[in-house]
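Enquirer: I am attaching a structure below and will ask some questions about it afterwards.
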Amino acid sequence: MDYKTYQVCATCIHFEAVRKNNTMLYTCTRLKYETKPTYSFNCWTPKEHVKRLMEKRGENIE
């Protein structure tokens, strides 16, 4: 499995999900953009649990 499999907003440290009026709002706190969990930007920084999973699977973190 390639590291890019994980490289989506939902696995990034800057991803924030907030429920407002029974609707989920997803935001990149770094870029200040509204986003979706499946989107991907070049500034991706994986969360710690994602890093551990990638290391366990022997994948490079770039």
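The values are calculated or read from the model by the stated rules, or taken from the named source; none is laboratory data. Model, not experiment: these values are computed from the prediction. In this analysis, Cβ positions are derived from the backbone assuming ideal geometry, glycine residues included, and neighbour counts consider all displayed protein chains.
Enquirer: Filter the stretch 1-50 for residues that are basic (K, R) and either in a strand (DSSP E or B) or at pLDDT 90 or above (or both) and give the result.
Expert: R19, K20, R30, K32, K36, K47
Enquirer: Okay, next question. Which pairs turn up if I take residues in the stretch 21-36 that are within 16 Å of T11 (Cβ to Cβ) and look for partners that are part of a strand (DSSP E or B) and not β-branched (V, I, T) with beta carbon separation below 6 Å, at least 6 apart in sequence or on another chain?
Expert: If the second residue must be part of a strand (DSSP E or B) and not β-branched (V, I, T), the pairs left are Y26/A17; T27/E16; T27/E34; T29/E16; T35/Y26; T35/C28; K36/Y26.
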